[in-house]
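Below: one structure, written as structure tokens.
The values are calculated or read from the model by the stated rules, or taken from the named source; none is laboratory data. All of these numbers come straight from a predicted model, not from anything done at the bench. Neighbour counts run over all protein chains shown; Cβ positions are idealised from the backbone, glycine included. The accessibility values were calculated without ligands, DNA or RNA, using every heavy atom of the protein model including side chains. Shrake-Rupley method; radii C 1.70, N 1.55, O 1.52, S 1.80 Å.
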Amino acid sequence: MKTPKIITIEKALSLVKDNDKIVCACATTEPQGFLSNIHTIAHSVKNVEVWMTLSMRSYPFLQDKEIGNSFIINSMFFSKPIRDAEAVLDTVSYVPTHLRNTAITAMAARPVDIFVGTCTPPNKDGKVSLGLADVYESEVLKQTKTVILEINPNMPYTYGTTEIDSKDVDYFVNVEYKICEDVVAPINDKDKAIGGFISQYIKDGDCMQIGIGSIPNSVVQYLAAKKNLGIHTELAGDGAIELVKKGIVNGTKKTIDTNILSTSIVFASQSSYDYVNLNKNVRVMRCSHSNAFNTLASQDNQVSINTSLEVDLTGQCCSESLGSKQFSGTGGQTDTAVGTQMAKCGKAFIALYSTANVKQADGTRKEVSKIVVQLKQGAAVSLHRNDVMYIATEYGVVNLKGLSIANRAKALISIAHPSFREELTAQAKQIGLIK
């Protein structure tokens, strides 16, 4: 049986060689010790790929052009630190993928040389937990030449696919740093309106995929009177966990993983991290399971709630780019929206504000409609119009399933901001969407 060695960060970095491909754990399990120090080897190695996904923090090598350009930085989901890095560096690029396929995508082009992640201290059985996330981690590390895990005593021990044997690890590095916490977005009047509309469609016993942000948080606030809800999601935040603590979510009506809160990422506050620690009613499962169509299709009364940046009058959703500029990622939007509709009585929602206040080239700001006749040039279609069901704004909810293009356009115009409805109707007629 392989016994992992305990090494220092410096020793871990010395294992990196020219042309290596390094995949880092994502989100709340990102290896902060390794990434905080990788800049120290920038001039001693070349052509090293560093894969990062939903990064929570920035690091020196992402902030300095001379250092950062020594690495090839690939990300399967952009977050603010990576967007900021892309503005500074020439070597940052997005890797398109669905969340359910991130393990396949990370290993597709060529084998992974080094996997670096975070884990809990080993338990009495010699097992460690990857903690708050298993998007691709448990799958990639099993097919990697060298596995390095940072043992952080602050990492909650979770059950599910996050539990691995120490023998699957080559090297441990002892660290101690604070786990990144979510900063709860304030809820405004638009959020409240959208949350109120969507909550009317949620019935007792429904199973929900609901993430973080002001719109999902608003939906949560309207669920206090619901009973026997379940959670099967790709990301659990404070809102979902508070529903569990209050007994509103108990999972008793779930058709799979009954009584269990199942997720692939926990991103919340410390109180929620304390709650999931050693909690056998919480299961963190790899995304290839959580977001698989057959998994979601097996969950009766599944509800998915996602958000978008822009929706055109045929129902195409751009949820990840501003024109051709990458903003976030496809993530699990297609996974959950499509998989949910395969479930018995499944309901899939895409929510967005009707307008945005956009900075113009001259520095002034202009209110623009987020429901548009056509998406911006270069926009990524995150959710195809064939796969859209409900669209919600602060002006209502429409179901596009089964509607013709003409009727979709009319329905979407009805929930656009009133100031833009006449203009949208004229534009739709001009290009032949409406006669």
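Some observations on this one:
- The simple Förster model, with R0 at 35 Å and r as the Cβ-Cβ distance, assigns Lys124 and Lys178 a FRET efficiency of 0.85.
- In percent, rounded to a whole number, the relative contact order of the chain is 13, using alpha-carbon pairs under 8 Å and six or more apart.
- Residues with amide H under 5 Å from that of Val303, placed H, sequence gap 5 or more: Cys207, Met208, Gln209, Lys347
- Our analysis of the stretch 284-435 gives Rg over Rh at 1.00, with the two radii drawn from alpha carbon positions and Rh computed by the Kirkwood formula.
- Modelled label positions at Lys280 and Arg385, each set 7 Å beyond Cα in the direction of Cβ, lie 5.2 nm from each other.
- Shape category assigned to the stretch 100-188 from the gyration tensor of Cα positions, a/c cut at 1.5: oblate
- Share antiparallel - DSSP beta bridges, the stretch 227-371, percent rounded to 5: 40
- Think of it as helices only: each DSSP H run of n ≥ 4 in the chain is worth -39500 (n - 2.57), and spread over all residues that comes to -7000 deg cm²/dmol at 222 nm.
- Relative contact order, whole percent, for the stretch 343-390 stands at 42, derived from Cα pairs under 8 Å and 6 or more residues apart.
- Whole-Å distance, taken between Cα centres, linking the stretch 329-408 and the stretch 30-94: 31
- In nm, spacing of pseudo-spin labels at Thr364 and Asp189 (7 Å Cα→C-beta vector): 2.4
- Links that overshoot a 23 Å alpha carbon limit, given the list Lys344/Lys401; Lys203/Lys254; Lys65/Lys376: Lys65/Lys376
- Within the straight-line cut-off of under 18 Å between alpha carbons, the lysines reachable from Lys17 are Lys46, Lys145, sequence neighbours fewer than 8 places apart in one chain being disregarded.
- Gyration tensor (alpha-carbon) shape descriptor, the stretch 388-433, a/c threshold 1.5: oblate
- Rg ratio (alpha-carbon, reference 2.2 N^0.38 Å) - the stretch 333-379: 1.68
- On full extension, the segment bounded by Lys5 and Gln377 gains 128.8 nm, given 0.36 nm per residue less the C-alpha separation.
- Along its three principal directions, the equivalent ellipsoid of the stretch 301-353 from the Cα gyration tensor extends over semi-axes of 22, 11, 8 Å, largest first.
- Between Asn174 and Ile7, Ile151, the built amide H atoms are under 5 Å apart, and every one of these is 5 or more places off in sequence or on another chain.
- Of the solvent-accessible surface of the stretch 330-435, computed with a 1.4 Å probe over protein heavy atoms with every protein chain present, carbon and sulfur atoms account for 50 percent.
- The residues of the chain have, on average, 40 Å² of accessible surface per residue, using a 1.4 Å probe with all protein chains present.
- Among Arg385, Arg421, Arg110, residue whose mean-square fluctuation peaks in a GNM of the chain (springs only between Cα atoms under 10 Å): Arg110
- For the chain, a Gaussian network of Cα nodes joined below 10 Å ranks Ala236, Ala193, Ala185 by mean-square fluctuation, and the top entry is Ala185.
- Compared with the direct C-alpha span, the chain from Ile405 to Ala225 gains 61.1 nm at full extension, assuming 0.36 nm per residue.
- Where only alpha carbons of the chain are counted, the Rg and the Dmax (Å): 22.2, 72
- Gaussian network model of the chain, Cα within-10 Å springs - most flexible of Gln270, Gln360, Gln63: Gln360
- Of the beta bridges in the chain, as assigned by DSSP with both residues counted there, near 25 percent are antiparallel.
- Where only C-alpha atoms are counted, convex hull volume of the stretch 247-310 per residue in Å³: 131
- Cα gyration tensor, the stretch 160-207 - rounded (a/c under 1.5), prolate or oblate: oblate
- Per-bin percent of Cα-Cα distances, the stretch 118-256 [10 Å]: 11, 33, 26, 21, 9, 0
- Pairs from Lys347/Lys429; Lys11/Lys178; Lys190/Lys366; Lys253/Lys370; Lys190/Lys253; Lys192/Lys226 whose Cα-Cα separation, in the structure shown, is over 25 Å: Lys347/Lys429; Lys253/Lys370; Lys190/Lys253
- Modelled spin-label separation between Ser93 and Lys80, with each label point placed 7 Å from Cα along the Cα-to-Cβ direction: 2.8 nm.
- Rh (Kirkwood; distinct C-alpha pairs) - the stretch 364-415, Å: 12.4
- Compared with the alpha-carbon gap, the fully stretched path from Asn357 to Lys435 is longer by 25.0 nm at 0.36 nm per residue.
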